[in-house]
Amino acid sequence: MRAAGIDIGSRHVFVGLDDGSVRSFETFTSSFISLKDYLLENRVVTVAMEATGVYWYVLYDILLEAGLDVWVVDGRETRQVPGRKTDVKDCQWIQQLHSYGLLKRCYVSAGQVKELRSYQRLREDHLRSMSMHIQHMQKALIEMNIRLPEVLSQVHGKSGLAMITAILGGERDRETLVSLCDKSLRINKKEELLKALEGHYTEYGLFALHQAYQGFMFYKHQMQDCDHRMEAILKEINKDKKLPPGIGTEVRKAIRHNKPKIEELGKHLLKIFEGRDATKLPGITDYNWLQLYSELGSDLSKWPTEKQFASWLGLSAGQSNSGKRKKSKNKGKPTVGQLFKEMAHGLLNSKYIGLGAFAKRLRGRKGPAIAIKATARKIAIQYWRLMVKGSAYVEKGIEAYEQMVKQQKNKQLHRLALELNVQIIPA
């Protein structure tokens, strides 16, 4: 009882009450405040609204501050029956479903975690823009037949940027440009670099390279500004926290790419999670862990079981069975689920980790997509167990995994021999 449903748009917001009445409001802040007063006047206790883009952010905060129980729900769960699609009927339908308890509440970050998530997502946007300008730099170099992309693993690395900066400054001598590289490159790849730098310079090519370089540096500085903001929030969260004795003294995992400039990032995260170290799990570094924290927070008990957690991440198969027809239902691609998939992807080339051997074995049978998803699910479950139950993960290595597989095959072989009444004689 006393439930309301809200349909949110870019220009108008429609509110449906339990008596069937509907009222519309504009999307200005003053209108949102009037909407809040309207709900309180009608003694509304709980409100459900769809997660429509970013339109719901401010209204959610205003209603929450007013003491209302606000539910943000998945729009796929509130789809109308065909032939009834209007904004008025939408808000009435949401109200009806909510009053019957047929909707599920979406997870919404709050407080400092919500602010941290905003900076983290903005940093990822800058990172995508920066990668686009890296491609533009590579294209401009190739157009002038400067073959640095074929010789250097990263054109935007320290040596590559040093040479590009010198080229834009007017330097054309190849020996001078090579002298700006790292010592190991000068020893191992000097001849290749000299050949690669013998280009055909053009005004257009230099202009395009200059534009791409400026864009790259701009977004790099934008990322650093986001890092400073995130560091300030982490310090504020941990201002009264201390690490348990003996925790945080070990060397942290290396972050290979796009490392955030946050001092003692690992110690900040260890303080937040009271000494539980997620980097002990395969594929997780302090940067991945920061991303998970900004999206999930520190309390994973909101998901009662590991299966519900994996399902929410979109890493488990949904059921869509009808009669003899049985198929898997796509659950979408949630942001956090994609993070776990990125971790799993990095394990495919691992030579020492058991989960990497599992992923490679499954890839040979089912293909890379299924292998990555299955491995990501295993990592996610271990993460939930660590954060909710404190269960430590022990890496046993590839040899232990291969021995387990061998035992499984031997067991299957003996079961099949018993079924076929065949005797097995070891070689």
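Overview of values
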quantity: Per DSSP, loop trypsin sites (Lys or Arg not before Pro) in region 222-269 with at most 10 further Cβ within 10 Å; calculated: Lys239, Lys242, Arg256
quantity: Viscosity 1.002 mPa s, 20 °C: Kirkwood-radius Stokes-Einstein D of region 217-281 over Cα pairs, µm²/s; calculated: 164
quantity: Sulfur and carbon atoms: percent of accessible area, the chain [1.4 Å]; calculated: 51
quantity: Chymotrypsin sites (Phe, Trp or Tyr not before Pro) restricted to DSSP loop in region 1-74 with at most 12 other C-beta within 10 Å; calculated: Phe28
quantity: Whole-angstrom gap from region 255-293 to region 59-125, using each part's C-alpha centre; calculated: 30
quantity: Accessible area of region 1-81 divided out per residue, in Å², using a probe of 1.4 angstrom; calculated: 52
quantity: Exposed GluC sites (Glu not before Pro) absent - longest run of the chain, DSSP non-H/G/I/E/B, at most 16 other C-beta within 10 Å; calculated: 1-170
quantity: Accessible surface, region 161-320, averaged per residue in Å² (probe 1.4 Å); calculated: 55
quantity: Summed residue charge, Cβ within 11 Å of Gln95's Cβ, Lys/Arg positive, Asp/Glu negative; calculated: -2
quantity: Surface/4 estimate of mean projected area, convex hull on alpha-carbon atoms of the chain, nm²; calculated: 32.6
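The values are calculated or read from the model by the stated rules, or taken from the named source; none is laboratory data. Model, not experiment: these values are computed from the prediction. Glycine also receives a Cβ, built like all others from the backbone with ideal geometry; neighbour counts cover every protein chain displayed. All accessible areas refer to the heavy atoms of the entire protein, side chains included, with ligands and DNA or RNA removed. Shrake-Rupley method; radii C 1.70, N 1.55, O 1.52, S 1.80 Å.
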